[in-house]
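**Q** Pasting a structure below so you can have a look.
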């Protein structure tokens, strides 16, 4: 399988990349990124792409891929409201439209998050915009569209440029959640395995909450 991966310099995307490299089911991983990757491998092709609101130059890339794993994103604490919506919603939806136009049979997986609100009325920016993006993607005619909503993610192999809130609270929050609410937790490795298993097996289920993802990590 040949896949396109965005967000490969982030915590989840880099874990998906490492996991796909080690998985014989994946013959090529095409990483669309703004800056060069620190992870290098013969299976990896890196495409430096600076304008994530326009994908005309990537048509040939989209045509050759079997799936796109969309992990590009940013914490709402790192940018203002407008920037968050552009990065979370506009980039993903514009890419999905162009990908679908170029390759109607492609599988598309979107990394959302626990609490995403598809009513788009939440007072929380993250929930509202993630829900809006889910709705827009669901309105497109993908043969296979998957939306994953992990809970609190524990980085196993590092977190490049983590948000301040993550650095501050995760060391405190993770042990408490592990003790009292383990169902809300998932490791970056579990999440990466679940994502890759889903796009390979192409189940009928479209939406995956944290508990579903932990199960899919074991397949």
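Derivation of every value follows stated rules applied to the coordinates shown; laboratory data play no part. Given the structure is predicted, the values throughout are model-derived calculations rather than measurements. FYI the Cβ positions are ideal-geometry reconstructions off the backbone, even for glycines, and counts take in every protein chain you see.
**Q** What's the extension gain from residue 37 to residue 83 if we count 0.36 nm per residue and subtract their Cα-Cα distance? Before the final figure, lay out the partial values.
**A** Values: separation 46, 0.36 × 46 = 16.56 nm, distance 2.36 nm.
Here the answer is 14.2 nm.
**Q** Something else: Which order results if 102, 75, 14 are arranged by neighbouring Cβ count within 10 Å, fewest first? Don't skip to the answer; put the middle values down first.
**A** Numbers: 102 18, 75 14, 14 25.
So the ranking, lowest neighbour count to highest, is 75, 102, 14.
**Q** So how far apart, in nm, are the two label points at residue 27 and residue 202 if each is 7 Å from Cα heading toward Cβ?
**A** 1.6 nm
**Q** To make sure I understand, if each residue's beta carbon is the centre and we count other beta carbons within 10 Å, what order do 188, 122 fall in, fewest to most?
**A** Listing 188, 122 from fewest to most nearby Cβ atoms yields 122, 188.
**Q** Now for a different question. Fewest Cβ neighbours within 10 Å first, please rank 15, 134 accordingly.
**A** Least crowded to most crowded, the residues run 134, 15.
**Q** Expressed in nm to one decimal, what extension gain is obtained for the pair residue 97 and residue 138 from 0.36 nm per residue of sequence separation less their Cα-Cα distance?
**A** Values: separation 41, 0.36 × 41 = 14.76 nm, distance 1.13 nm.
Length gained between residue 97 and residue 138: 13.6 nm.
**Q** Right, next: Report the normalised scattering of the chain as log10 I(q)/I(0) at q = 0.11 Å⁻¹, calculated by the Debye formula with identical scatterers on the alpha carbons.
**A** With no solvent term, the Cα-only Debye profile gives -0.49.
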